[in-house]
Structures are given as C-alpha cells and as structure tokens.
Amino acid sequence: MQLLSGLTRSVFFTGKGGVGKTTMACAISIQLADSGKKVLLVSTDPASNLDEVLQTSLSSKPTAVSNVANLWALNIDPEAAAADYRERMVGPYRGVLPDVAIASMEEQYSGSCTVEIAAFDEFAKLLGDTAATQEFDHVIFDTAPTGHTLRLLALPSAWSGYIESNTSGTSCLGPLAGLQKQQDLYQKTVSALSDQAVTTLALVTRPEPAALQEAERSSNELRKLGIQNQHLIINGIFQCEDPDDALAVAMQLRCDEALAEVPHQISQLPMTKVLLDSTGVVGVESLRQIGNPSKTLARDSDIAAAGDSVSQQAAVPGKEQTANDFQKLIEDLAASGHGVIMTMGKGGVGKTTIAAAVAVALAESGHQVHLSTTDPAAHVSQVTQGITGSSRMTVSRVDPEEVTEAYRQEVLANAGKDLDDNGRSLLDEDLRSPCTEEIAVFRAFAEEIAKGKDQFVVLDTAPTGHTILLLDAALAYHHEVSRQTHDIPENVRDLLPRLRDPEFTKVLIVTLPAATPVHEAAKLQTDLQRAEIFPFSWIVNHCLTPHTVTDTTLQQRRLSEQPFLKEVQQLSSRMTLIPWQPSPPVGPERLSKIASPCS
C-alpha cells in the first residue's frame with residue numbers, strides 16, 4: 001500500500017463507522033510486521049473487534065498475534081482502566097481512613113469522568129510516554145468512529161489546559177494533585193499528536209458521499225487540533241464485472257459518482273485506494289491480501305459450504321421469520337401510539353438510515369414524530385433532506401457544544417445563585433472540566449427520551465461502544481448531577497424505568513449480514529438484556545439476498561450472507577431484511593421505499 005511508504009512511528013486510523021478502520025489498521029500492521037518491524041496494534045474503541053478480525057484473544061496488555069511474527073495487539077478497556085484508576089486513588093487509604101470516608105471516595109470515583117480519564121491515561125501512556133512502547137518500531141491505533149475519536153484526540157489539550165488553569169485544587173475527579181502529576185505526560189501527548197515526523201492520521205472512508213463528507217469534516221477538525229500529517233484511504237471501491245447485472249451497474253455508478261465528487265481538501269491528501277473484497281475480511285491470511293491486486297476470488301462452492309441458503313433453513317420455532325416485511329414492523333411499532341424507538345448497532349450498519357425510514361413511515365401513517373440523534377457525527381440531516389418541513393415530523397440532534405453551554409448556564413443559575421463571587425468563580429471553573437460535556441449530553445439524552453410521552457421519538461444512537469457506556473452510566477450520572485446541582489431532574493430519574501419499559505421503548509438492533517456486525521450485535525443484545533432492556537427486533541441492512549445478481553463479486557457476497565442470516569434468526573425474536581439500494585436512500589421518497597429491492 002502507498003501508506004506504507006515513509007510511515008511515521010505512530011499511526012491513527014479513524015473514520016465513519018463501518019468504513020473498514022479495523023481492517024485497514026490490521027492489514028497495515030501485518031504488512032509492517034511481515035517486513036521485519038516490531039508493531040503494537042492498539043484499539044481505543046469501546047466496542048473493539050480486533051480479537052475477531054485477528055482471530056486472537058486479546059486483553060489490555062500486549063498479546064502476540066497468532067501467525068504473525070513481530071505483531072502484538074491490545075484493547076484499551078475503559079471499564080477495566082477505570083477500576084484500576086479507582087483503586088490507585090482509593091487503595092492507599094484503605095485501613096487508614098474510616099469506612100464512611102472510603103465509601104465516599106469510591107462514590108466520587110464512580111462517575112463517567114473516571115471512566116474517561118482512566119481510558120485517556122492508558123492512551124496517553126502509549127503515545128506520550130515513549131518508554132512505555134520503546135521496544136516497538138510502530139504503534140498503530142485503531143480508533144472508535146469519528147465523533148468519539150475527535151473527543152479522545154482533543155482530550156490531551158483539554159485536560160492539560162484545565163489542570164493549568166484550575167485554582168481550586170479540586171475537580172469532579174477529586175483532588176487535582178494526582179492529575180497534575182500527569183500534566184507532563186499530557187503535554188507530551190499533545191506534542192506527539194502534532195509532530196508530523198512522529199504521527200500520521202489515516203482517514204479511512206468509502207466511496208459514498210456521507211463517508212467522504214465526514215472524512216473532510218474530520219480532516220478540518222484534526223487540523224484545528226494540530227494534526228496536519230494526514231493520509232486518505234478510500235476502501236471498498238467496486239468494479240463491475242458483468243454489464244448485464246443491473247445491480248452491479250448501479251453499484252458501479254454510485255461508486256464512480258462518489259469518487260468524482262471527493263471534497264477538495266481531502267482530494268489533495270496522499271491517497272490509497274482499496275478494492276471491495278468479495279467476502280468478509282477475517283483472519284491473518286485474508287488481511288495479508290488487502291491491497292494486493294492479484295488477489296484471487298473465493299470460489300462460490302467454498303462460500304456456499306459455509307451455510308445453507310435462507311430459503312432452505314429450518315424456521316426457529318416460535319419466532320417470526322418474515323424477511324423484508326418492513327411494513328409489518330412499522331404497524332407493530334405504531335400500535336402503542338407514542339413512545340421511543342431506538343436504533344442501535346455497530347458503526348456503519350445504517351442505523352441513521354433505518355431510524356429515518358422508520359420516522360418517515362410513522363409520519364406517513366398519521367403519527368407525530370420527532371427524529372433525533374445522540375451520535376457525535378450526526379448524519380441525520382444528510383439522510384433526511386427534504387423532510388424537515390413536514391408538519392408531522394421534526395428533526396434535531398443533540399449538539400454537544402449547545403447542550404454543554406445550556407447545562408453550564410443552568411448550573412450557574414441554580415447552584416450558584418447564593419454563592420459569593422469567589423464561590424461562583426470556583427463553580428464556573430469546575431464546569432470547564434472536559435467531563436461537563438459528558439454530563440450535559442447525558443442530560444439531553446434523558447430529555448429526548450422523555451418526549452416520547454406525547455409522540456413518537458425515533459432516536460439514532462451513537463455506535464455500540466459509546467451507546468453502551470452512555471446507558472451503563474445512568475446511575476453514576478445521578479451521583480454526578482446531584483453533586484453539581486443538588487437536584488436530580490425528573491427526566492434523569494425516570495430514564496432507566498422508561499428504557500426498561502417495553503411498551504414505552506422499543507430497541508431495533510441494526511446489523512449487516514457479515515461476521516463482525518452480527519457478533520457485535522449479539523454482544524450488544526447481551527449487554528442490553530443485562531440492563532433489563534430487551535430488543536424489539538433485529539434489522540439486517542444492505543442485504544443482497546433479496547436480489548438476483550450475476551456479477552461474480554456480488555454473487556460471492558450474496559452467498560457469504562447466508563450463515564450470518566441464519567445466525568440472526570437464531571439470536572432474534574424477529575428479523576427484517578432491508579435490500580441493498582441501487583440509489584442512495586436519501587430524502588422522503590427513497591426512505592419510504594427502503595424495503596423494496598427495486599427502490
């Protein structure tokens with residue numbers, strides 16, 4: 001690959017969910033390792049799938065990757081990092097301070113702020129402390145989808161600046177003495193990120209307008225953070241092999257049109273183009289072939305042997321197996337007359353498109369609908385072009401900057417109204433902590449859920465890992481909000497009961513007919529059930545199975561879907577297939593026809 005030429009020691013892979021960041025990071029890491037370089041591959045994604053792609057069981061410590069000499073990998077686990085951080089802060093005082101004091105300390109370190117700073121500490125050590133990774137020639141970071149990654153990369157400056165300007169000596173994390181010890185590390189992390197001789201940022205995208213536009217937005221944001229050394233990877237470029245296959249021709253046309261409209265700024269970056277793989281990329285040998293133009297296609301018989309076709313599968317007793325019955329799904333969702341519908345799943349599976357299609361269908365059937373998103377990347381406005389003026393439908397997003405400022409003003413007005421100037425100054429300083437944004441977004445999430453009392457709220461969530469952290473944080477946020485406002489808002493207090501009420505909240509798990517999205521969706525379902533939230537339905541998006549295809553690549557991809565559709569049938573209470581769309585599903589007309597193979 002062109003990216004391998006003159007590669008810096010640290011490389012970050014980022015981009016919109018589902019564009020192939022993990023695949024590209026793994027492929028580059030393997031190729032570097034095969035060339036004799038010692039490589040450490042790190043995932044900062046809360047929903048990491050490095051284990052599955054590399055077929056190696058990983059932990060938070062460097063683990064040798066099977067069948068690849070010179071390659072080690074690890075996952076940064078936010079919850080485990082938080083537990084370690086908490087014990088480092090509290091442990092020395094056990095047996096020294098009274099039990100009530102220890103309990104108070106543990107409560108103070110139980111919030112989302114602790115999770116953030118602990119995971120960030122692990123990241124900072126790997127980037128800013130060269131001694132921690134001195135045995136490696138390269139450190140490759142496979143990051144979470146764009147919005148979460150921009151937050152992570154902004155934290156070195158945010159925490160460093162907050163520590164420098166804080167005069168009270170305390171924060172939402174307790175005494176700042178421990179954090180000040182880290183300030184040198186944070187400053188080194190800032191320096192490493194902006195040093196073009198040290199760090200490369202690989203923007204991974206696909207030949208799709210939304211992905212390319214997000215790549216340009218990310219590029220601009222990264223430049224503001226001082227990260228100038230960028231490289232563009234366009235993954236999944238399709239080349240039609242059968243001009244008589246209408247679907248293949250349409251796919252080629254969509255690809256060509258997108259490539260012809262690459263935004264100007266990123267079109268000037270060094271660029272690597274990677275062809276669409278005919279099957280899912282899992283395992284070291286398939287990763288070694290990424291970017292290899294002589295790669296041979298798998299035979300139809302090899303893929304067919306992996307599973308029977310859907311039409312030959314035995315139905316799972318007691319389960320609805322109707323494929324492509326999107327209208328029936330809408331009728332069942334509409335039966336309650338109001339409530340919350342949430343789309344969840346791995347980045348890039350089409351949560352936003354499905355959320356918009358559900359919202360349009362409900363509005364067309366006469367219901368009042370509010371469509372919103374908690375995803376920092378916020379793609380709803382792109383998909384809903386032309387429907388924001390509908391009398392039955394409103395569209396918005398949870399804007400982190402906007403809700404954070406509103407939250408700050410609310411706290412200052414309420415908690416600060418009886419304080420003197422010095423007290424208000426200290427409160428204002430506390431509210432400038434990077435953690436405040438997390439609290440504000442959580443509050444806004446609770447408020448969006450509450451709107452379902454009087455109408456339908458369709459909520460497009462952030463990719464899996466970020467969403468699960470948001471849901472897991474519910475009780476912890478109660479403590480943090482109470483600490484700053486001395487009062488828990490009704491919507492925050494009622495959030496968990498509403499999410500757990502199957503009559504009020506219906507979760508749609510969105511996936512693709514491929515290994516990683518299905519397996520991540522299965523883990524998501526387990527996490528939700530542990531929180532006493534039970535999915536209403538699974539939706540398998542971008543399916544070739546409903547189509548008739550003759551193009552070799554599409555035939556093989558269609559065949560490769562079968563074992564994963566069978567797996568979804570076994571995992572889900574109901575399943576709906578959404579066919580791959582010849583035209584981008586943007587705007588009300590196309591969204592309303594999303595379940596049709598001919599739309």
**Message:** For the list (1) within 30 Å of Asp454 (Cβ to Cβ); (2) in contact with a helix residue (DSSP H, G or I) (Cβ under 8 Å, 6 or more places away or on another chain); (3) of a type in the set (Gly, Ala, Ser), I need the number of the one condition that Ser573 fails.
**Reply:** (2)
**Message:** Return the residues of segment 515-554 that are in a loop (DSSP other than H, G, I, E, B) and in contact with a Lys or Arg (Cβ under 8 Å, 6 or more places away or on another chain); say none if nothing qualifies.
**Reply:** Ala531, Glu532, Ile533, Phe536, Leu544, Thr545, His547, Val549
**Item:** Candidates Thr23, Thr44, Thr63 - the one that is closer than 27 Å to Leu524 by Cα, free of Cβ contacts under 8 Å to residues at least 12 places away in the same chain and open to solvent by 10 Å² or more (accessible area, probe 1.4 Å)
**Value:** Thr63
**Message:** With the structure loaded, tell me whether His542 is touching a Phe, Trp or Tyr at 6+ places or on another chain (Cβ under 8 Å), on the phi > 0 side of the Ramachandran plot and of a type outside the set (D, E, K, R) or whether it fails that test.
**Reply:** yes
**Request:** Could you tell me which residue of segment 180-217 is modelled with the highest pLDDT, considering only residues that are open to solvent by 50 Å² or more (accessible area, probe 1.4 Å) and within 24 Å of Ala258 (Cβ to Cβ)?
**Result:** Arg206
**Prompt:** Out of (1) modelled with pLDDT under 85; (2) assigned to a strand (DSSP E or B), the odd one out for Glu116 is which?
**Reply:** (2)
**Prompt:** What tally of residues in segment 345-369 results from selecting those that are under 14 Å from Asp460 (Cβ atoms) and small (Gly, Ala, Ser)?
**Reply:** 8
**Asked** Could you say which residue among Leu41, Leu32, Leu58 is part of a helix (DSSP H, G or I) and touching an Asp or Glu at 6+ places or on another chain (Cβ under 9 Å)?
**Response** Leu32
**Request:** Scan segment 407-459 residue by residue and report those that are more than 29 Å from Val360 (Cβ to Cβ), touching a helix residue (DSSP H, G or I) at 6+ places or on another chain (Cβ under 8 Å) and of a type in the set (A, V, I, L, M, F, W, C).
**Result:** Val411, Leu412, Ala415, Leu419, Leu427, Leu431, Cys435, Ile439, Ala440
**Residue ranges of helices (runs of 4 or more DSSP H) in segment 325-418 with at least 3 members open to solvent by 10 Å² or more (accessible area, probe 1.4 Å), modelled with pLDDT of 85 or more and over 22 Å from Lys16 (Cβ atoms)** = 326-334, 351-364, 400-414
**Prompt:** Inside segment 257-289, can you point out the residues that are open to solvent by 20 Å² or more (accessible area, probe 1.4 Å), under 25 Å from Leu71 (Cβ atoms) and either acidic (Asp, Glu) or modelled with pLDDT under 85 (or both)?
**Reply:** Asp277, Thr279, Gly280, Val281, Val282, Glu285, Ser286, Gln289
**Request:** Pairs only if they're at least six apart or on different chains, beta carbon under 9 angstrom, first in segment 517-534 and over 17 Å from Leu495 (Cα atoms), second open to solvent by 50 Å² or more (accessible area, probe 1.4 Å) and not charged (D, E, K, R); list them, first residue then second.
**Result:** Val518/Leu571; Ala521/Leu571; Ala522/Leu571; Gln525/Phe534; Gln525/Leu571
**Fill in**
Subset of segment 523-533, residues open to solvent by 20 Å² or more (accessible area, probe 1.4 Å) and hydrophobic (A, V, I, L, M, F, W, C), comes to Ala531
**Request:** Could you list, in sequence order, all residues of segment 235-253 that are within 30 Å of the chain's Cα centre (by Cα) and either surrounded by fewer than 18 Cβ atoms within 10 Å (Cβ to Cβ) or on the phi > 0 side of the Ramachandran plot (or both)?
**Result:** Gly236, Ile237, Gln239, Ala250, Leu253
**Prompt:** Would you say Val11 is within 21 Å of Thr200 (Cα to Cα), buried (at least 22 other Cβ atoms within 10 Å of the Cβ), of a type outside the set (Gly, Ala, Ser) and in contact (Cβ under 8 Å) with a residue 12 or more places away in the chain?
**Reply:** yes
**Asked** Just wondering, is there one or more residues in segment 485-504 that are more than 30 Å from Ser572 (Cα to Cα), at pLDDT below 60 and open to solvent by less than 40 Å² (accessible area, probe 1.4 Å)?
**Response** yes
**Asked** For segment 71-82, does any single residue satisfy the condition of being within 21 Å of Gly283 (Cα to Cα) and open to solvent by 40 Å² or more (accessible area, probe 1.4 Å)?
**Response** yes
**Asked** Among the residues of segment 83-95, how many are under 29 Å from Val139 (Cα atoms) and open to solvent by 90 Å² or more (accessible area, probe 1.4 Å)?
**Response** 2
**Fill in**
Here the residues within segment 554-596 that are touching a strand residue (DSSP E or B) at 6+ places or on another chain (Cβ under 9 Å), hydroxyl-bearing (Ser, Thr, Tyr) and open to solvent by less than 40 Å² (accessible area, probe 1.4 Å) are Ser572, Thr576
**Request:** Would you check which residues across segment 26-41 are basic (Lys, Arg) and either open to solvent by less than 30 Å² (accessible area, probe 1.4 Å) or farther than 21 Å from Ala132 by Cα (or both) and list them?
**Result:** none
**Asked** Restricted to segment 61-95, and to residues that are in a loop (DSSP other than H, G, I, E, B) and under 28 Å from Gly347 (Cα atoms), which residue is modelled with the lowest pLDDT?
**Response** Asp77
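The values are calculated or read from the model by the stated rules, or taken from the named source; none is laboratory data. Bear in mind that the values here come from a model prediction, so they are computed numbers and not experimental data. We place every Cβ from the backbone using ideal geometry, glycine too, and count neighbours over all the protein chains shown. Ligands, DNA and RNA are excluded from the accessible area calculation, which covers all protein heavy atoms including side chains. Shrake-Rupley method; radii C 1.70, N 1.55, O 1.52, S 1.80 Å.
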